Amino acid sequence: MAKKQFDFIGKRKLFLLIAVAILLAGFVANIFMGTQLDITFKGGAIFTYSISGEVDKDGITAIVKEHLGDEADISFSTDVAGENTQATFTLTKIPSTVLTYSVTGTADVEALKTKGSEVFGCETRVDYDQENNMVTVDPVEVVTNKMVQDYTAALASTEENAPAYNLTSSNTVSELADAIYADMVAKYGTKLVYTVKTDVEDTAALTTAVENALLKEVTGGNSDLADVTLVYDKDAKTLTVTPAVGSMELNDTYTKVITETLQTELPKAEVVVSSETYNVITLVTSNSVKATVGKGFFIKCLFAMVLGGIFLTLYIGIRFRKIGGVSAGLFATFALIHDILIAYLTYVIFQIPLNDNFIAVVLTILGYSINGTIVVYDRIRENERKFGESMTINEIVNTSVNQTVSRNVFTTISTLIAVGCIAVIAKINGLDSIISFAFPMAVGLVAGFYSSVLLSSPMWAWWRSRKLK
């Protein structure tokens with residue numbers, strides 16, 4: 001008794017209507033909800049820090065707002081290792097970089113603007129306060145520390161009576177990142193606070209004694225790990241010890257050696273630890289992207305996807321030329337477009353910022369989807385060679401899809417299990433960057449299975465049967 005087959009060909013209109021309905025609903029959602037673009041595509045600045053120990057989110061938020069303003073988007077998540085907190089601060093606009101110079105002589109405003117256009121490659125606003133001999137230079141686009149150095153060097157002149165410019169302050173993205181880091185370390189970084197009963201007269205000698213003890217007993221002669229800073233507060237009668245490097249963590253061994261050294265050097269001060277904080281704060285990255293650069297990158301990514309689709313169509317057309325290769329390639333491409341749109345609409349509906357993860361998701365889905373389509377096409381070619389004279393094209397395709405559907409199901413499920421585990425673990429640990437890849441990827445895998453099995457082959461059979469007639 002022959003195994004009963006599911007009528008995929010007979011239900012192809014239903015499958016197509018379902019796909020069209022989902023896409024239309026997604027496009028309506030896109031109209032009302034819009035698309036969120038990450039700074040990778042739309043431009044902006046991002047600052048990322050790693051923090052160990054307990055995190056005062058409100059306190060860190062206050063520090064960030066002070067430097068970046070109220071428009072900064074602030075998020076906290078667990079890092080990939082699941083041990084530290086990752087703090088990410090994002091600006092949709094690159095902070096304006098204002099360079100301040102003190103001037104000896106009379107500033108040449110037009111020369112300052114011209115040199116700004118040459119060095120920064122953009123319009124440069126200049127404000128000259130003649131009364132206080134100060135000049136502020138405000139480039140309207142991204143400025144790096146190297147550009148600031150080059151611009152300052154370009155202002156130097158050996159001509160007699162030429163104005164002299166001395167840079168007094170600047171706030172490039174990297175300098176903002178360093179300033180935020182310094183404030184976070186000062187307030188929440190590793191520190192030991194001791195109470196003392198007597199005044200500390202010579203903190204320099206005390207610092208040297210502590211560092212020598214650490215060199216000898218803890219760091220194995222590594223002076224970088226032994227560098228500490230001691231600050232004495234006469235009013236509060238406290239002595240604060242912090243590592244010179246904010247990213248270094250003092251452990252119990254450090255604390256024991258430092259405490260014993262202070263008690264030895266200050267025998268009458270009754271040195272006692274009043275508080276201990278062991279937070280390692282590290283600047284992971286600080287980046288800025290021009291809006292024009294982000295737009296260009298996005299266009300290049302779209303071009304790469306289109307190019308990939310064209311090559312896939314050509315490949316299928318050549319490989320399956322015996323069963324109408326060009327038409328098979330075109331319907332496989334239509335299925336790929338369906339999968340890309342589903343992945344895109346997942347980002348829209350769940351308000352996931354569109355970033356370079358989207359490109360990775362699309363390219364991965366393309367690979368899985370086209371593989372499923374090729375498996376079906378390969379079986380169609382084989383069955384057409386066997387039953388071409390005794391079965392219609394619809395019957396051949398329906399038989400082929402039934403024979404390969406279990407393989408496509410198992411491939412999709414096994415991949416979904418892996419991707420689902422990644423998404424769940426990322427969600428538990430607050431790893432938004434991984435969720436923005438894993439979740440749309442899972443949806444795209446389902447869409448790829450749907451298009452490979454229920455759309456491309458049945459619709460191609462419809463086209464082929466019409467052509468044969």
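List every residue pair whose Cβ atoms sit under 8 Å apart, with the two residues 6 or more apart in sequence or on different chains, where the first one lies in the stretch 63-75 and is under 27 Å from Asn429 (Cβ atoms) and not assigned by TED's automatic domain parsing to the domain that holds Asp432 and the second, anywhere, is part of a loop (DSSP other than H, G, I, E, B) and among the polar types (S, T, N, Q).
Within 8 Å, the pairs are Asp73/Thr92.
From Ser174, Ser157, which residue is assigned to a loop (DSSP other than H, G, I, E, B) and hydroxyl-bearing (Ser, Thr, Tyr)? Step through it out loud before you land on a result.
Numbers: Ser174 fails: assigned to a loop (DSSP other than H, G, I, E, B).
That would be Ser157, the only listed residue that is assigned to a loop (DSSP other than H, G, I, E, B) and hydroxyl-bearing (Ser, Thr, Tyr).
Have a look at Asn145, Asn166 and point out the one that is within 29 Å of Ile46 (Cβ to Cβ) and outside the structural domain of Lys427 (by TED's automatic domain parsing). I'd like the intermediate steps shown before the answer.
Numbers: Asn166 fails: within 29 Å of Ile46 (Cβ to Cβ).
Exactly one residue qualifies, and that residue is Asn145.
Going through the stretch 354-391 one residue at a time, which ones are of a type in the set (Gly, Ala, Ser) and within 30 Å of Gly44 (Cβ to Cβ)? Give the steps one after another, and end with the answer.
Just the residues of the stretch 354-391 that are of a type in the set (Gly, Ala, Ser), to begin with: 360, 367, 369, 372, 388, 390.
Of everything in the stretch 354-391, just one residue is of a type in the set (Gly, Ala, Ser) and within 30 Å of Gly44 (Cβ to Cβ), namely Ala360.
In the list Gln403, Gln351, which residue meets the criterion of being in a loop (DSSP other than H, G, I, E, B) and farther than 16 Å from Arg464 by Cα?
Working: Gln403 fails: in a loop (DSSP other than H, G, I, E, B).
After applying the criteria, what remains is Gln351.
Go over the candidates Ala226, Ala186, Ala204, Ala177 one by one and state the one that is of a type in the set (A, V, I, L, M), more than 19 Å from Val273 (Cα to Cα), surrounded by fewer than 17 Cβ atoms within 10 Å (Cβ to Cβ) and out of contact with any Pro (no Cβ under 6 Å at 6 or more places or on another chain). Before you say what the answer is, go through the steps one by one.
On the way: Ala226 fails: surrounded by fewer than 17 Cβ atoms within 10 Å (Cβ to Cβ); Ala186 fails: more than 19 Å from Val273 (Cα to Cα); Ala177 fails: surrounded by fewer than 17 Cβ atoms within 10 Å (Cβ to Cβ).
Only one candidate passes the filter, namely Ala204.
Answer yes or no: is there a residue in the stretch 410-424 that is surrounded by 23 or more Cβ atoms within 10 Å (Cβ to Cβ) and either touching a Leu at 6+ places or on another chain (Cβ under 7 Å) or closer than 24 Å to Gly324 by Cβ (or both).
First pass over the stretch 410-424, keeping only residues surrounded by 23 or more Cβ atoms within 10 Å (Cβ to Cβ): none.
The answer is no, given that none of the residues of the stretch 410-424 is surrounded by 23 or more Cβ atoms within 10 Å (Cβ to Cβ) and either touching a Leu at 6+ places or on another chain (Cβ under 7 Å) or closer than 24 Å to Gly324 by Cβ (or both).
Between a first residue in the stretch 392-412 that is within 13 Å of Arg381 (Cβ to Cβ) and of a type in the set (Val, Ile, Thr) and a second residue that is modelled with pLDDT under 90 and not in a helix (DSSP H, G or I), which pairs have beta carbons less than 9 Å apart while being 6 or more apart in sequence or on different chains?
These pairs meet every condition: Ile396/Gly388; Val397/Phe8; Val397/Ile9; Thr399/Gln5; Thr399/Met391.
Name, by its number, the condition in (1) surrounded by fewer than 21 Cβ atoms within 10 Å (Cβ to Cβ); (2) part of a helix (DSSP H, G or I); (3) hydrophobic (A, V, I, L, M, F, W, C) that does not hold for Met391.
Met391 satisfies all of (1) surrounded by fewer than 21 Cβ atoms within 10 Å (Cβ to Cβ); (2) part of a helix (DSSP H, G or I); (3) hydrophobic (A, V, I, L, M, F, W, C) except (2).
Would you point out which residue out of Gly372, Gly367, Gly329 is free of Cβ contacts under 8 Å to residues at least 40 places away in the same chain and buried (at least 20 other Cβ atoms within 10 Å of the Cβ)? Spell out how you get there, then give the answer.
Working: Gly372 fails: free of Cβ contacts under 8 Å to residues at least 40 places away in the same chain; Gly367 fails: buried (at least 20 other Cβ atoms within 10 Å of the Cβ).
Of the residues listed, the single one that is free of Cβ contacts under 8 Å to residues at least 40 places away in the same chain and buried (at least 20 other Cβ atoms within 10 Å of the Cβ) is Gly329.
For residues in the stretch 9-24 being over 27 Å from Phe358 (Cβ atoms) and not β-branched (Val, Ile, Thr), which is modelled with the highest pLDDT? First the steps, then the outcome.
Residues of the stretch 9-24 over 27 Å from Phe358 (Cβ atoms): 9-14, 17.
From what's left, not β-branched (Val, Ile, Thr): 10-14, 17.
Numbers: Gly10: 86, Lys11: 88, Arg12: 88, Lys13: 89, Leu14: 91, Leu17: 94.
Filtering first and then ranking leaves Leu17.
Since Ser169 meets every condition but one in (1) buried (at least 16 other Cβ atoms within 10 Å of the Cβ); (2) touching a Ser or Thr at 6+ places or on another chain (Cβ under 8 Å), which condition does it not meet?
Exception for Ser169: condition (1).
Can you give me the number of residues within the stretch 154-171 that are touching a residue at least 24 places away in the same chain (Cβ under 8 Å) and in contact with a strand residue (DSSP E or B) (Cβ under 9 Å, 6 or more places away or on another chain)? Before you say what the answer is, go through the steps one by one.
Narrowing the stretch 154-171 to residues touching a residue at least 24 places away in the same chain (Cβ under 8 Å): 154-155, 161-171.
Checking the rest, the ones that are also in contact with a strand residue (DSSP E or B) (Cβ under 9 Å, 6 or more places away or on another chain) come to 155, 163-171.
Counting residues in the stretch 154-171 that are touching a residue at least 24 places away in the same chain (Cβ under 8 Å) and in contact with a strand residue (DSSP E or B) (Cβ under 9 Å, 6 or more places away or on another chain) gives 10.
Would you be able to say whether some residue in the stretch 97-111 is at pLDDT below 85 and under 30 Å from Val55 (Cβ atoms)?
Within the stretch 97-111, one or more residues are at pLDDT below 85 and under 30 Å from Val55 (Cβ atoms).
Can you tell me how many residues within the stretch 289-330 are polar (S, T, N, Q) and at pLDDT 75 or above?
Going through the stretch 289-330, the residues polar (S, T, N, Q) turn out to be 292, 313, 327.
Imposing the further condition that a residue be at pLDDT 75 or above reduces the set to 313, 327.
Qualifying residue count, the stretch 289-330: 2.
Cβ-Cβ distance below 6 Å, separation of 6 or more or different chains: which pairs start in the stretch 441-461 with a residue that is farther than 13 Å from Gly329 by Cα and end on one that is not in a helix (DSSP H, G or I)?
Pro458/Phe8; Pro458/Ile9
Looking only at the stretch 25-57, filter to residues that are closer than 16 Å to Asp356 by Cβ and hydrophobic (A, V, I, L, M, F, W, C); which one of those is surrounded by the most Cβ atoms within 10 Å (Cβ to Cβ)? Reasoning before the result, please.
Here is the first cut: in the stretch 25-57, the residues closer than 16 Å to Asp356 by Cβ are 35-44, 46, 48.
Among the residues that remain, those that are also hydrophobic (A, V, I, L, M, F, W, C) are: 37, 39, 41, 46.
Values: Leu37: 20, Ile39: 22, Phe41: 25, Ile46: 19.
Within the stretch 25-57, the match that is surrounded by the most Cβ atoms within 10 Å (Cβ to Cβ) is Phe41.
The values are calculated or read from the model by the stated rules, or taken from the named source; none is laboratory data. Note that the structure is a prediction, hence the values are computed from the model and not measured. Virtual Cβ from ideal backbone geometry, glycine too; neighbours counted across all protein chains shown.
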